[in-house]
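Taking it in order: structure first as C-alpha coordinates, then the write-up.
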Amino acid sequence: MSNVKVSLRNVCKVFDASPAAALDDVSLDIAEGGICVLMGLSGSGKSTLLRTINGLAPPSSGQVLIDGVDLNCLAPRQLQQLRRESMGMVFQSSALFPHRSVIDNAAFGLEIAGVGRAERHRRASAMLEQVGLLAHAQQRPDQLSGGMRQRVGLARALAVDPALLLMDEAFSALDPLKRREMQELLLALQRERRRTIVFVSHDIDEALHLGDQIALLHGGQLVQHGTSRDLLSNPVNDHVREFFHSADTSSHLLATDLIDHEAVSTLASGQPSVAADARLSELMPRLTAYRMPLTVRDASGVALGLITAASALRIISRASARG
Ligand SMILES: Nc1ncnc2c1ncn2[C@@H]1O[C@H](COP(=O)(O)OP(=O)(O)OP(=O)(O)O)[C@@H](O)[C@H]1O
Ligand SMILES: [Mg+2]
(Lines give C-alpha, C1' and ligand atoms only; values in the text may rest on other atoms or scores of the structure.)
(Ligands and ions follow the chains in the order given, each with its own letter.)
Protein backbone atom coordinates (compact mmCIF):
# COMPACT_ATOMS: atom_id res chain seq x y z
CA MET A 1 0.00 0.00 0.00
CA SER A 2 1.47 3.31 -1.03
CA ASN A 3 1.53 6.38 1.16
CA VAL A 4 -1.45 8.66 1.32
CA LYS A 5 -0.67 12.09 -0.08
CA VAL A 6 -4.04 13.77 0.37
CA SER A 7 -6.72 12.69 2.77
CA LEU A 8 -10.22 14.11 3.00
CA ARG A 9 -12.07 13.21 6.17
CA ASN A 10 -15.80 13.76 6.34
CA VAL A 11 -15.50 16.91 4.27
CA CYS A 12 -18.67 18.98 3.85
CA LYS A 13 -18.86 22.20 1.93
CA VAL A 14 -21.91 24.40 1.96
CA PHE A 15 -21.93 27.68 0.07
CA ASP A 16 -24.02 30.51 1.52
CA ALA A 17 -25.65 31.10 -1.82
CA SER A 18 -26.95 27.56 -2.31
CA PRO A 19 -28.86 25.41 0.18
CA ALA A 20 -27.62 22.03 -1.04
CA ALA A 21 -24.18 20.88 0.11
CA ALA A 22 -21.56 21.08 -2.65
CA LEU A 23 -19.66 18.35 -0.78
CA ASP A 24 -21.54 16.00 1.48
CA ASP A 25 -19.43 14.02 3.94
CA VAL A 26 -16.65 13.09 1.52
CA SER A 27 -13.87 10.86 2.82
CA LEU A 28 -11.18 10.01 0.31
CA ASP A 29 -7.52 8.98 0.46
CA ILE A 30 -5.39 9.87 -2.54
CA ALA A 31 -2.28 7.74 -2.93
CA GLU A 32 1.09 9.35 -3.41
CA GLY A 33 2.59 9.11 -6.86
CA GLY A 34 -0.58 8.22 -8.74
CA ILE A 35 -3.19 9.91 -10.85
CA CYS A 36 -6.59 10.15 -9.19
CA VAL A 37 -9.32 11.27 -11.56
CA LEU A 38 -12.35 13.00 -10.06
CA MET A 39 -15.38 12.29 -12.17
CA GLY A 40 -19.02 13.22 -12.04
CA LEU A 41 -21.75 15.16 -13.76
CA SER A 42 -21.73 18.93 -13.95
CA GLY A 43 -22.38 20.36 -10.49
CA SER A 44 -21.41 17.15 -8.67
CA GLY A 45 -18.69 18.94 -6.70
CA LYS A 46 -15.47 18.08 -8.55
CA SER A 47 -14.02 21.60 -8.71
CA THR A 48 -15.11 22.30 -5.16
CA LEU A 49 -13.30 19.17 -3.98
CA LEU A 50 -10.15 20.27 -5.80
CA ARG A 51 -10.44 23.69 -4.17
CA THR A 52 -10.65 22.17 -0.70
CA ILE A 53 -7.30 20.53 -1.46
CA ASN A 54 -5.58 23.75 -2.49
CA GLY A 55 -7.16 25.57 0.41
CA LEU A 56 -9.13 28.03 -1.71
CA ALA A 57 -12.47 26.60 -0.57
CA PRO A 58 -11.97 25.47 3.03
CA PRO A 59 -14.45 22.81 4.14
CA SER A 60 -17.46 23.87 6.20
CA SER A 61 -16.70 20.85 8.34
CA GLY A 62 -14.29 17.94 8.18
CA GLN A 63 -10.59 17.94 7.43
CA VAL A 64 -8.21 17.96 4.51
CA LEU A 65 -4.76 16.59 5.24
CA ILE A 66 -1.74 16.87 2.99
CA ASP A 67 1.16 14.64 4.01
CA GLY A 68 -0.74 14.19 7.25
CA VAL A 69 -0.94 17.94 7.96
CA ASP A 70 -4.42 19.32 8.53
CA LEU A 71 -4.88 22.43 6.38
CA ASN A 72 -7.14 23.86 9.10
CA CYS A 73 -4.10 24.06 11.35
CA LEU A 74 -2.05 26.19 8.96
CA ALA A 75 -1.90 29.96 9.19
CA PRO A 76 -2.87 31.74 5.94
CA ARG A 77 0.78 32.43 5.15
CA GLN A 78 1.77 28.81 5.67
CA LEU A 79 -1.07 27.71 3.43
CA GLN A 80 0.01 30.13 0.75
CA GLN A 81 3.57 28.88 1.02
CA LEU A 82 2.42 25.27 0.73
CA ARG A 83 0.39 26.16 -2.34
CA ARG A 84 3.29 27.98 -3.99
CA GLU A 85 6.00 25.51 -3.22
CA SER A 86 4.38 22.16 -3.46
CA MET A 87 1.26 22.48 -5.58
CA GLY A 88 0.81 23.11 -9.26
CA MET A 89 -2.54 23.95 -10.79
CA VAL A 90 -3.74 23.71 -14.35
CA PHE A 91 -7.20 24.77 -15.44
CA GLN A 92 -9.28 24.54 -18.58
CA SER A 93 -8.18 27.90 -19.89
CA SER A 94 -4.76 28.34 -18.47
CA ALA A 95 -5.01 32.15 -18.23
CA LEU A 96 -1.57 33.13 -19.43
CA PHE A 97 -0.31 36.70 -19.16
CA PRO A 98 -0.77 38.13 -22.66
CA HIS A 99 2.10 40.61 -22.45
CA ARG A 100 4.64 38.14 -21.18
CA SER A 101 6.68 35.85 -23.34
CA VAL A 102 6.06 32.13 -23.20
CA ILE A 103 9.13 31.60 -21.07
CA ASP A 104 8.17 34.33 -18.61
CA ASN A 105 4.74 32.76 -18.34
CA ALA A 106 6.30 29.35 -17.72
CA ALA A 107 8.58 30.90 -15.09
CA PHE A 108 5.78 32.73 -13.27
CA GLY A 109 5.37 30.23 -10.43
CA LEU A 110 9.11 30.33 -9.80
CA GLU A 111 9.04 34.11 -9.81
CA ILE A 112 6.45 34.31 -7.05
CA ALA A 113 8.36 31.65 -5.17
CA GLY A 114 11.28 34.10 -5.20
CA VAL A 115 13.62 32.15 -7.48
CA GLY A 116 16.26 34.34 -9.18
CA ARG A 117 15.96 35.21 -12.86
CA ALA A 118 18.75 33.04 -14.25
CA GLU A 119 17.67 29.99 -12.31
CA ARG A 120 14.01 30.39 -13.17
CA HIS A 121 14.80 30.75 -16.86
CA ARG A 122 16.92 27.66 -16.69
CA ARG A 123 14.13 25.66 -15.07
CA ALA A 124 11.38 27.12 -17.24
CA SER A 125 13.42 26.33 -20.37
CA ALA A 126 13.85 22.75 -19.24
CA MET A 127 10.10 22.46 -18.73
CA LEU A 128 9.32 24.08 -22.08
CA GLU A 129 11.62 21.60 -23.71
CA GLN A 130 9.75 18.75 -22.06
CA VAL A 131 6.42 19.99 -23.37
CA GLY A 132 7.94 20.61 -26.80
CA LEU A 133 7.78 24.40 -26.81
CA LEU A 134 11.34 25.55 -26.31
CA ALA A 135 11.44 26.96 -29.84
CA HIS A 136 8.51 29.21 -28.91
CA ALA A 137 10.00 30.55 -25.69
CA GLN A 138 10.18 34.16 -26.88
CA GLN A 139 6.70 34.30 -28.44
CA ARG A 140 3.60 35.79 -26.84
CA PRO A 141 0.68 33.53 -25.86
CA ASP A 142 -1.58 34.94 -28.60
CA GLN A 143 0.86 33.64 -31.20
CA LEU A 144 0.22 30.08 -30.05
CA SER A 145 -2.59 27.64 -30.69
CA GLY A 146 -4.95 26.63 -27.89
CA GLY A 147 -3.16 23.33 -27.43
CA MET A 148 0.21 25.05 -27.23
CA ARG A 149 -1.13 27.52 -24.66
CA GLN A 150 -2.36 24.62 -22.59
CA ARG A 151 1.11 23.13 -22.74
CA VAL A 152 2.54 26.44 -21.47
CA GLY A 153 0.06 26.21 -18.59
CA LEU A 154 1.30 22.71 -17.84
CA ALA A 155 4.95 23.82 -18.05
CA ARG A 156 4.18 26.73 -15.69
CA ALA A 157 2.62 24.36 -13.16
CA LEU A 158 5.45 21.84 -13.43
CA ALA A 159 8.32 24.34 -13.36
CA VAL A 160 8.08 24.64 -9.57
CA ASP A 161 8.38 20.85 -9.46
CA PRO A 162 5.26 20.41 -7.36
CA ALA A 163 4.71 17.21 -5.42
CA LEU A 164 0.99 17.67 -6.00
CA LEU A 165 -0.52 18.67 -9.31
CA LEU A 166 -4.17 19.70 -9.44
CA MET A 167 -5.77 19.75 -12.87
CA ASP A 168 -9.34 20.90 -13.46
CA GLU A 169 -10.70 19.96 -16.89
CA ALA A 170 -7.23 20.88 -18.10
CA PHE A 171 -7.63 19.30 -21.52
CA SER A 172 -11.37 19.73 -22.01
CA ALA A 173 -11.17 22.70 -24.35
CA LEU A 174 -8.87 20.89 -26.77
CA ASP A 175 -9.90 19.01 -29.88
CA PRO A 176 -9.77 15.21 -29.54
CA LEU A 177 -6.37 14.83 -31.17
CA LYS A 178 -4.71 17.56 -29.12
CA ARG A 179 -6.40 16.19 -26.06
CA ARG A 180 -4.98 12.74 -26.64
CA GLU A 181 -1.59 14.29 -27.27
CA MET A 182 -1.72 16.11 -23.92
CA GLN A 183 -2.81 12.93 -22.14
CA GLU A 184 0.19 11.10 -23.60
CA LEU A 185 2.46 13.97 -22.63
CA LEU A 186 1.17 13.89 -19.07
CA LEU A 187 1.68 10.13 -18.85
CA ALA A 188 5.19 10.47 -20.29
CA LEU A 189 6.06 13.18 -17.76
CA GLN A 190 4.61 10.98 -15.06
CA ARG A 191 6.80 8.05 -16.10
CA GLU A 192 9.85 10.26 -15.83
CA ARG A 193 8.99 11.73 -12.48
CA ARG A 194 6.05 10.50 -10.49
CA ARG A 195 3.88 13.12 -8.88
CA THR A 196 0.56 12.92 -7.18
CA ILE A 197 -1.99 14.24 -9.64
CA VAL A 198 -5.64 14.99 -8.96
CA PHE A 199 -7.29 15.34 -12.33
CA VAL A 200 -10.87 16.52 -12.74
CA SER A 201 -12.58 15.28 -15.86
CA HIS A 202 -16.07 14.41 -16.96
CA ASP A 203 -14.76 12.45 -19.90
CA ILE A 204 -14.95 8.73 -19.23
CA ASP A 205 -12.34 7.67 -21.74
CA GLU A 206 -9.93 10.27 -20.40
CA ALA A 207 -10.54 9.05 -16.86
CA LEU A 208 -9.98 5.42 -17.82
CA HIS A 209 -6.88 6.31 -19.78
CA LEU A 210 -5.22 8.47 -17.14
CA GLY A 211 -6.54 7.35 -13.80
CA ASP A 212 -4.77 4.90 -11.54
CA GLN A 213 -7.74 5.61 -9.32
CA ILE A 214 -11.12 7.06 -10.11
CA ALA A 215 -13.38 8.83 -7.62
CA LEU A 216 -16.94 9.33 -8.80
CA LEU A 217 -18.97 12.13 -7.25
CA HIS A 218 -22.72 12.54 -7.46
CA GLY A 219 -24.62 15.38 -5.82
CA GLY A 220 -21.63 16.18 -3.62
CA GLN A 221 -21.28 12.62 -2.36
CA LEU A 222 -18.49 10.23 -3.16
CA VAL A 223 -20.24 7.31 -4.80
CA GLN A 224 -17.30 5.03 -5.53
CA HIS A 225 -13.53 5.17 -5.40
CA GLY A 226 -11.25 2.54 -6.84
CA THR A 227 -9.34 1.51 -9.91
CA SER A 228 -11.05 1.84 -13.26
CA ARG A 229 -11.40 -1.93 -13.26
CA ASP A 230 -13.11 -1.84 -9.85
CA LEU A 231 -15.65 0.66 -11.14
CA LEU A 232 -16.18 -1.24 -14.39
CA SER A 233 -16.41 -4.73 -12.98
CA ASN A 234 -17.99 -3.95 -9.61
CA PRO A 235 -20.07 -0.79 -9.89
CA VAL A 236 -21.65 -0.09 -6.50
CA ASN A 237 -24.92 1.11 -7.95
CA ASP A 238 -26.84 1.93 -11.10
CA HIS A 239 -25.45 5.45 -11.23
CA VAL A 240 -21.89 4.14 -11.58
CA ARG A 241 -22.99 1.54 -14.11
CA GLU A 242 -24.89 4.13 -16.09
CA PHE A 243 -21.97 6.51 -15.93
CA PHE A 244 -19.60 4.03 -17.51
CA HIS A 245 -22.11 2.72 -19.96
CA SER A 246 -20.54 4.44 -22.94
CA ALA A 247 -17.02 3.36 -22.00
CA ASP A 248 -15.21 0.73 -23.96
CA THR A 249 -15.26 -1.84 -21.20
CA SER A 250 -13.42 -4.53 -23.07
CA SER A 251 -10.22 -2.55 -23.30
CA HIS A 252 -9.98 -2.16 -19.54
CA LEU A 253 -10.98 -5.47 -18.00
CA LEU A 254 -8.25 -8.03 -17.45
CA ALA A 255 -8.34 -11.80 -17.05
CA THR A 256 -8.00 -11.44 -13.30
CA ASP A 257 -11.25 -9.41 -13.22
CA LEU A 258 -13.17 -12.27 -14.82
CA ILE A 259 -12.29 -15.05 -12.42
CA ASP A 260 -15.31 -17.09 -11.40
CA HIS A 261 -15.10 -17.03 -7.63
CA GLU A 262 -18.03 -19.39 -7.31
CA ALA A 263 -16.61 -22.06 -9.58
CA VAL A 264 -15.33 -25.12 -7.78
CA SER A 265 -11.72 -24.96 -8.69
CA THR A 266 -10.55 -28.01 -10.48
CA LEU A 267 -7.17 -26.64 -11.39
CA ALA A 268 -5.33 -29.14 -13.45
CA SER A 269 -2.02 -28.63 -15.18
CA GLY A 270 -3.34 -29.75 -18.53
CA GLN A 271 -5.93 -26.99 -18.79
CA PRO A 272 -5.42 -24.03 -21.05
CA SER A 273 -4.27 -21.02 -19.09
CA VAL A 274 -4.09 -17.32 -19.50
CA ALA A 275 -1.98 -14.58 -17.88
CA ALA A 276 -3.68 -12.58 -15.12
CA ASP A 277 -3.10 -9.35 -17.03
CA ALA A 278 -4.36 -10.66 -20.37
CA ARG A 279 -6.91 -8.37 -21.96
CA LEU A 280 -10.39 -9.36 -22.95
CA SER A 281 -9.52 -9.17 -26.64
CA GLU A 282 -6.94 -11.95 -26.38
CA LEU A 283 -8.83 -14.03 -23.86
CA MET A 284 -12.28 -14.29 -25.44
CA PRO A 285 -11.17 -16.09 -28.60
CA ARG A 286 -9.40 -18.69 -26.47
CA LEU A 287 -12.37 -19.14 -24.18
CA THR A 288 -14.58 -19.84 -27.16
CA ALA A 289 -12.01 -21.96 -29.01
CA TYR A 290 -11.27 -24.30 -26.09
CA ARG A 291 -14.86 -24.55 -24.86
CA MET A 292 -13.52 -25.15 -21.38
CA PRO A 293 -12.52 -22.93 -18.47
CA LEU A 294 -9.24 -21.06 -18.64
CA THR A 295 -6.87 -21.13 -15.69
CA VAL A 296 -5.67 -17.66 -14.75
CA ARG A 297 -2.02 -17.62 -13.75
CA ASP A 298 0.11 -14.88 -12.27
CA ALA A 299 3.56 -13.98 -13.59
CA SER A 300 5.21 -16.81 -11.66
CA GLY A 301 2.75 -19.37 -12.96
CA VAL A 302 0.66 -19.72 -9.82
CA ALA A 303 -2.98 -20.48 -10.59
CA LEU A 304 -5.31 -17.75 -9.32
CA GLY A 305 -8.62 -19.20 -10.42
CA LEU A 306 -10.77 -20.11 -13.36
CA ILE A 307 -12.59 -18.14 -15.99
CA THR A 308 -15.66 -19.84 -17.31
CA ALA A 309 -17.69 -18.57 -20.22
CA ALA A 310 -20.52 -17.95 -17.78
CA SER A 311 -18.41 -15.91 -15.36
CA ALA A 312 -16.91 -13.86 -18.17
CA LEU A 313 -20.31 -13.08 -19.61
CA ARG A 314 -21.77 -12.29 -16.22
CA ILE A 315 -19.02 -9.83 -15.29
CA ILE A 316 -18.87 -8.18 -18.69
CA SER A 317 -22.60 -7.70 -18.81
CA ARG A 318 -22.66 -6.42 -15.24
CA ALA A 319 -20.12 -3.81 -16.31
CA SER A 320 -21.98 -2.77 -19.39
CA ALA A 321 -25.67 -3.37 -18.61
CA ARG A 322 -27.92 -0.36 -18.37
CA GLY A 323 -29.18 0.31 -14.87
N1 LIG B 1 -18.56 29.88 -5.15
C2 LIG B 1 -19.74 29.22 -5.10
N3 LIG B 1 -20.82 29.77 -4.55
C4 LIG B 1 -22.00 29.11 -4.48
N5 LIG B 1 -22.19 27.88 -4.96
C6 LIG B 1 -21.14 27.27 -5.53
C7 LIG B 1 -19.85 27.90 -5.65
N8 LIG B 1 -19.00 27.05 -6.26
C9 LIG B 1 -19.74 25.95 -6.52
N10 LIG B 1 -21.00 26.06 -6.10
C11 LIG B 1 -22.07 25.06 -6.19
O12 LIG B 1 -21.57 23.84 -5.72
C13 LIG B 1 -21.99 22.75 -6.54
C14 LIG B 1 -20.79 22.00 -7.06
O15 LIG B 1 -20.10 22.86 -7.96
P16 LIG B 1 -18.72 22.46 -8.65
O17 LIG B 1 -18.24 23.65 -9.38
O18 LIG B 1 -17.82 21.88 -7.64
O19 LIG B 1 -19.19 21.32 -9.66
P20 LIG B 1 -18.37 20.55 -10.79
O21 LIG B 1 -18.55 19.10 -10.53
O22 LIG B 1 -16.98 21.07 -10.86
O23 LIG B 1 -19.19 20.93 -12.10
P24 LIG B 1 -18.67 21.21 -13.62
O25 LIG B 1 -18.44 19.87 -14.24
O26 LIG B 1 -19.82 21.92 -14.25
O27 LIG B 1 -17.43 22.05 -13.54
C28 LIG B 1 -22.88 23.36 -7.60
O29 LIG B 1 -24.22 23.22 -7.21
C30 LIG B 1 -22.47 24.81 -7.63
O31 LIG B 1 -23.53 25.63 -8.00
MG1 LIG C 1 -15.90 22.11 -12.31
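The values are calculated or read from the model by the stated rules, or taken from the named source; none is laboratory data. Quantities reported herein were computed from a predicted structural model and do not represent experimental measurements. Every residue, glycine as well, gets a Cβ built from its backbone with ideal geometry; the counts of neighbours run over all protein chains shown.
At-a-glance table
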{"read-out": "Qualifying position, being under 17 Å from residue 34 (Cβ atoms) and touching a helix residue (DSSP H, G or I) at 6+ places or on another chain (Cβ under 6 Å), among 200, 152", "value": "200"}
{"read-out": "Check on residue 91, within 16 Å of ligand 1 (Cβ to nearest atom), under 19 Å from residue 159 (Cβ atoms) and in contact with an Asp or Glu (Cβ under 9 Å, 6 or more places away or on another chain)", "value": "yes"}
{"read-out": "Residue in the stretch 282-296 that is modelled with pLDDT of 90 or more and out of contact with any Ser or Thr (no Cβ under 8 Å at 6 or more places or on another chain) present", "value": "no"}
{"read-out": "Selection from the stretch 2-42 of residues that are more than 18 Å from the chain's Cα centre (by Cα) and free of Cβ contacts under 8 Å to residues at least 40 places away in the same chain", "value": "15, 16, 17, 18, 19"}
{"read-out": "Those strands (runs of 3 or more DSSP E) lying entirely in the stretch 163-274 with at least 1 residues assigned by TED's automatic domain parsing to the domain that holds residue 294", "value": "none"}
{"read-out": "Residue check for residue 81: modelled with pLDDT under 95 and either of a type in the set (Val, Ile, Thr) or within 16 Å of ligand 1 (Cβ to nearest atom) (or both)", "value": "no"}
{"read-out": "In the stretch 285-300, the residues that are surrounded by 12 or more Cβ atoms within 10 Å (Cβ to Cβ) and in a helix (DSSP H, G or I)", "value": "286, 287, 290"}
{"read-out": "All strands (runs of 3 or more DSSP E) inside the stretch 1-65 with 1 or more residues being farther than 17 Å from residue 207 by Cβ", "value": "4-13, 23-31"}
{"read-out": "Qualifying residue in the stretch 183-203 (condition: crowded, with 19+ Cβ neighbours inside 10 Å, in contact (Cβ under 8 Å) with a residue 24 or more places away in the chain, of a type in the set (A, V, I, L, M) and in contact with a Gly (Cβ under 8 Å, 6 or more places away or on another chain))", "value": "yes"}
{"read-out": "Residue list for the stretch 79-135, filter: of a type in the set (S, T, N, Q), closer than 23 Å to residue 55 by Cβ and in a helix (DSSP H, G or I)", "value": "80, 81, 86"}
{"read-out": "Residue among 8, 28 that is more than 16 Å from ligand 2 (Cβ to nearest atom), in contact with a His (Cβ under 7 Å, 6 or more places away or on another chain) and in the same structural domain as residue 228 (by TED's automatic domain parsing)", "value": "28"}
